[in-house]
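Please read the structure below before turning to the comments.
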Amino acid sequence: MTVSIEFGSGDFAASKADVLALVVTEGGFEKQRAFAHLDQALGGALAAHVATAQFKGRLDDLLDVPTLGRLGVRRILLAGAGPKRGLGTTRLRSAVATATRAAINVPSLAVVLSEIVSVPELRAVAEGVGLGAYGFTKYFTGDRAPKKPLTGVAIHLAKGHGNAGEKRAVEQGLAVASAVNLARDAVNEPPNVLTPEALAETARKIAKEGKLKVTVLDEKAIRKAGMNLHFAVGQGSANPPRLIHLTYEPKRPKATIALVGKGLTFDSGGLCIKPAPGMGDMKSDMGGAAAVLGVMAAIAAIRPNVTVHGIVAAAENMPDGNAYRPADVFTSLDGKTVEIINTDAEGRLVLADALAYTRKLEPDVMIDAATLTGACLVALGKNCSAFYTADDKLARRFAAAADDAGEQFWRMPLLEELREQLSSDIADLKHTGDRYGGSISAALFLREFVGDTPWIHCDIAGPVLSDRPKGMYPKGATGHPVLTFLSMVEAAGK
Ligand code: BES
Ligand code: MN
Ligand code: ZN
C-alpha cells in the first residue's frame, strides 16, 4: 500500500481525518499550544486522560484516546518522542512510525507536529509515516485481507509552513520509506517465490524505474568469470545463483561507494543441514542483498553526487546430489584456494567472490551487509549489528551514519590472533575457524579478499528481523541497514 502526504491547512482540531496523531515531547507538553488547543476542544478531557493513564511522552509511548463524538476525528494518538532537548531526526522518525502503525487500519491520518521542525526533520517525519504504514499482507485472503488501509496522511506544521523545500523533503522521505519497504518485502517474501532469479528481477525493475544500469550474471557466467565459491554454494539448488550489479552514476561524482549484499534466498545449511526449529527464519538470509537493493532504489530517487555500485551475490544453499561438500576445494575469483569445512558457512564464500569482483571497480570504499553468523547474535543480541573495519576514520564516518539513521551498530575488532584458525593443510585457506569468536573469524576470512580497498563489513544477523514492532521497525523484516547505508552515501555527496 502507498500513502500520500499533504500539508494540512486550517484548524487541525477540525480535521476530517479518522485519526489525529500529535507528536509530543516529555516534560510539559500539556502546556504546548497544540495540546492545549485539542484539550480545549474536548473540554479538558484530554489532559484528564493523560493524567489518569500517567502518559509522560517517553520515546515510542503511545496514548490512544477516543474522542466519543466530540470531535471530527474519532481518535487522538499522543505519540511520545522523549525529551525535548536533543530531539532530532531519529526520535521524530520513530515516534511518527509508532503513531502511524497504530492507524494502519483507517484510511486517513493527520499528523500534528507541535515543535517547529527543520527540513531534515521533516524528511524524517515523512520517513516515519511511510515506515509505520508498512504491512506485509499480500498472502491474506477473506477476513484477514486489509479492508480500508491507510492511504492519506496530512501533516500539520507549527505555523504557515509548506514551502517548496519542505514539500521536497516530504517527497524524499516517502521515497526513502518505500525503498526500505521494498527491502522488507523482499525479506518477508517466502523462499519458494523469492529465488535468486526473482531477486535479479527485482533489481531489473529498480533499474528500469530509477534509470540505473543493471547487469545480471547467471550461473554459467558466474562460473565463466571464475567465481567458483559463489557457484559452489548454489550448485545444490534447483534455483541457480545470480550475481547482480546495479550502478548509479551522477554527472559530477564526489566519491564512489560500492555496497555488497549476501543474498541467500534460503539457507538450509546444505549437506551440513541446520536443525528444523528456526530453519524457516533462513528465508531472511538475503537481508543484506535486500538492503543493497533498497539503498539503490532510494538513491535513484534522491540522486546524490556519489557513484554507487550495488552488488548482490544471490544463491540458495541446499542439500542435493550436486551440492558442494565439506573437504571440497575451490579456487576463488581472487585466485586463493579455499577448503570447505562446513557447508553452512556459505555466506562468506559468496561474499568472498563478490568482494573480489567489487574491488575491480576501484571504489573509494566497499561496504558489505550480511546475515553472516549466529555468533554475532550471541555477541550483540538481536537488535544490534556488528561492523568491522581496519580504518578508524572510516569507522567514525560509519558510526555517525548509523547514528543519523537511528540504527544500532557496534564496532568489533579484527583480532589478528584468530587468523591462524583459517590456515588449511591442503589449500590457501580453510573457510571456518572455532566456534568462539565466530563473527570475528568470518570477518577475517572476508578480509582475505578485499585487497587494499577500504572496506567495512556488517554482520546484520540480528536486526534483519524483529520479534515485535518497536519504533520504526515492524515485526518481521525491518529493512535494516538501508537507512545507515543511505546516510553514509548522502554524507559522501555533500
Ligand atoms: N545465515 C547463517 C547465519 C545466521 C544464523 C543468521 C542465525 C541469522 C540467524 C549463516 O550462513 C550460518 O549458518 N553461519 C554458521 C557458520 C558456522 C557454520 C561457522 C553459524 O553461524 O552457525
Ligand atoms: Mn549458513
Ligand atoms: Zn547463511
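The values are calculated or read from the model by the stated rules, or taken from the named source; none is laboratory data. Every value quoted in this text rests on a predicted model; they were computed, and no experiment measured them. Heads up, the Cβs are rebuilt from the backbone with ideal geometry, glycines too, and the neighbour counts pull from every protein chain shown. For accessibility, only protein heavy atoms count, side chains too; no ligands or nucleic acids. Shrake-Rupley method; radii C 1.70, N 1.55, O 1.52, S 1.80 Å.
Looking only at residues in the range 95-110 that are assigned to a loop (DSSP other than H, G, I, E, B) and open to solvent by 10 Å² or more (accessible area, probe 1.4 Å), which one is farthest from Leu157 (Cα to Cα)?
Start the filter on the range 95-110 by keeping residues that are assigned to a loop (DSSP other than H, G, I, E, B), which leaves 102-107.
If we keep only those that are open to solvent by 10 Å² or more (accessible area, probe 1.4 Å) as well, we get 102, 104-107.
Numbers: Ala102: 21, Ile104: 21, Asn105: 24, Val106: 22, Pro107: 21 Å.
Only one residue fits best here, namely Asn105.
Which of (1) within 11 Å of ligand 1 (Cβ to nearest atom); (2) out of contact with any Leu (no Cβ under 7 Å at 6 or more places or on another chain); (3) of a type in the set (Asp, Glu) is the odd one out, the single condition Glu346 does not satisfy?
Of everything listed in (1) within 11 Å of ligand 1 (Cβ to nearest atom); (2) out of contact with any Leu (no Cβ under 7 Å at 6 or more places or on another chain); (3) of a type in the set (Asp, Glu), Glu346 misses just condition (2).
Among residues belonging to the range 170-213 that are small (Gly, Ala, Ser) and more than 18 Å from the chain's Cα centre (by Cα), point out the one that is nearest to Ala154 (Cα to Cα).
If we filter the range 170-213 for residues that are small (Gly, Ala, Ser), which is where we start, we get 173, 175, 177-179, 183, 186, 198, 200, 203, 207, 210.
Next, from what is left, pick out any that are more than 18 Å from the chain's Cα centre (by Cα): 198, 200, 207, 210.
Details: Ala198: 36, Ala200: 36, Ala207: 31, Gly210: 27 Å.
Restricting to residues being small (Gly, Ala, Ser) and more than 18 Å from the chain's Cα centre (by Cα), the top hit is Gly210.
For the range 406-419, does any single residue satisfy the condition of being part of a helix (DSSP H, G or I), surrounded by fewer than 16 Cβ atoms within 10 Å (Cβ to Cβ) and out of contact with any helix residue (DSSP H, G or I) (no Cβ under 6 Å at 6 or more places or on another chain)?
Within the range 406-419 (the criterion being part of a helix (DSSP H, G or I), surrounded by fewer than 16 Cβ atoms within 10 Å (Cβ to Cβ) and out of contact with any helix residue (DSSP H, G or I) (no Cβ under 6 Å at 6 or more places or on another chain)), the answer is yes, since at least one residue qualifies.
Listed residues Glu127, Glu26; which is within 22 Å of Gly471 (Cβ to Cβ) and open to solvent by less than 60 Å² (accessible area, probe 1.4 Å)? Reasoning before the result, please.
Numbers: Glu26 fails: open to solvent by less than 60 Å² (accessible area, probe 1.4 Å).
One residue alone meets the criteria, Glu127.
Name every residue in the range 14-23 that is surrounded by 20 or more Cβ atoms within 10 Å (Cβ to Cβ) and either at pLDDT below 95 or within 27 Å of the chain's Cα centre (by Cα) (or both), in order of residue number.
Scanning the range 14-23 gives Ser15, Ala17, Ala21, Leu22, Val23.
Out of all the residues in the range 325-344, which are crowded, with 23+ Cβ neighbours inside 10 Å and within 15 Å of ligand 2 (Cβ to nearest atom)?
Residues satisfying the conditions are Ile340, Thr343.
Within the range 187-195, can one find any residue that is among the hydroxyl-bearing types (Ser, Thr, Tyr) and out of contact with any helix residue (DSSP H, G or I) (no Cβ under 8 Å at 6 or more places or on another chain)? Even if it seems obvious, please write down each step before you answer.
Filtering the range 187-195 down to residues among the hydroxyl-bearing types (Ser, Thr, Tyr) leaves 195.
Applying the additional criterion that residues be out of contact with any helix residue (DSSP H, G or I) (no Cβ under 8 Å at 6 or more places or on another chain) yields 195.
Yes, the conditions are met somewhere in the range 187-195.
Residue check, Lys208 against (1) buried (at least 22 other Cβ atoms within 10 Å of the Cβ); (2) assigned to a helix (DSSP H, G or I); (3) not β-branched (Val, Ile, Thr), all met but one. Which one?
Every condition holds for Lys208 apart from (1).
Could you tell me which of the residues Thr432, Thr453 is assigned to a loop (DSSP other than H, G, I, E, B), among the hydroxyl-bearing types (Ser, Thr, Tyr) and within 16 Å of ligand 2 (Cβ to nearest atom)? Working first, answer last.
On the way: Thr453 fails: within 16 Å of ligand 2 (Cβ to nearest atom).
On inspection, the qualifying residue turns out to be Thr432.
Between residues in the range 377-391 that are at pLDDT 95 or above and residues that are among the charged types (D, E, K, R), which pairs lie under 7 Å by C-beta distance while being six or more apart or on different chains?
Listed by first residue and then by second, the contacts come to Lys382/Asp467; Ser385/Asp459; Ala386/Asp459; Phe387/Arg411.
For the range 332-352, enumerate the residues that are within 10 Å of Phe449 (Cβ to Cβ), among the charged types (D, E, K, R) and either in a helix (DSSP H, G or I) or within 16 Å of ligand 3 (Cβ to nearest atom) (or both).
Arg348
Being over 27 Å from the mean Cα position of the chain (by Cα) and buried (at least 19 other Cβ atoms within 10 Å of the Cβ), is that true of even one residue in the range 58-70? Steps first, please.
Residues of the range 58-70 over 27 Å from the mean Cα position of the chain (by Cα): 63-70.
Pick out the ones that are also buried (at least 19 other Cβ atoms within 10 Å of the Cβ) and you get 63, 65.
Looking for residues that are over 27 Å from the mean Cα position of the chain (by Cα) and buried (at least 19 other Cβ atoms within 10 Å of the Cβ), one finds at least one in the range 58-70, hence yes.
Across the range 353-401, what is the total count of residues that are in a loop (DSSP other than H, G, I, E, B) and not polar (S, T, N, Q)? Lay out the reasoning, then the answer.
So in the range 353-401, the residues in a loop (DSSP other than H, G, I, E, B) come out as 360-364, 371-373, 381-384, 389-391.
From what is left, the residues that are not polar (S, T, N, Q) are 360-364, 372, 381-382, 384, 390-391.
Going through the range 353-401 one residue at a time, the tally reaches 11.
Could you tell me which of the residues Leu113, Leu182, Leu87, Leu92 is open to solvent by less than 10 Å² (accessible area, probe 1.4 Å) and farther than 21 Å from Ala14 by Cα? Quick ask: steps written out before the conclusion?
Working: Leu113 fails: farther than 21 Å from Ala14 by Cα; Leu182 fails: open to solvent by less than 10 Å² (accessible area, probe 1.4 Å); Leu87 fails: open to solvent by less than 10 Å² (accessible area, probe 1.4 Å).
Criteria check complete, one pass: Leu92.
Output the residue which, of all residues in the range 313-324 that are closer than 12 Å to Phe231 by Cα and among the hydrophobic types (A, V, I, L, M, F, W, C), is nearest to ligand 2 (Cβ to nearest atom).
Ala315
Among the residues that make up the range 369-380, is at least one of them within 28 Å of Thr478 (Cβ to Cβ), open to solvent by 40 Å² or more (accessible area, probe 1.4 Å) and within 14 Å of ligand 3 (Cβ to nearest atom)?
yes
For the range 211-235, which positions are more than 24 Å from Asp344 (Cα to Cα) and among the basic types (Lys, Arg)?
Lys211, Lys213, Lys224
For residues that are out of contact with any Ser or Thr (no Cβ under 6 Å at 6 or more places or on another chain) and of a type in the set (Phe, Trp, Tyr), scanning just the range 438-494, find the one that is surrounded by the most Cβ atoms within 10 Å (Cβ to Cβ).
Phe485
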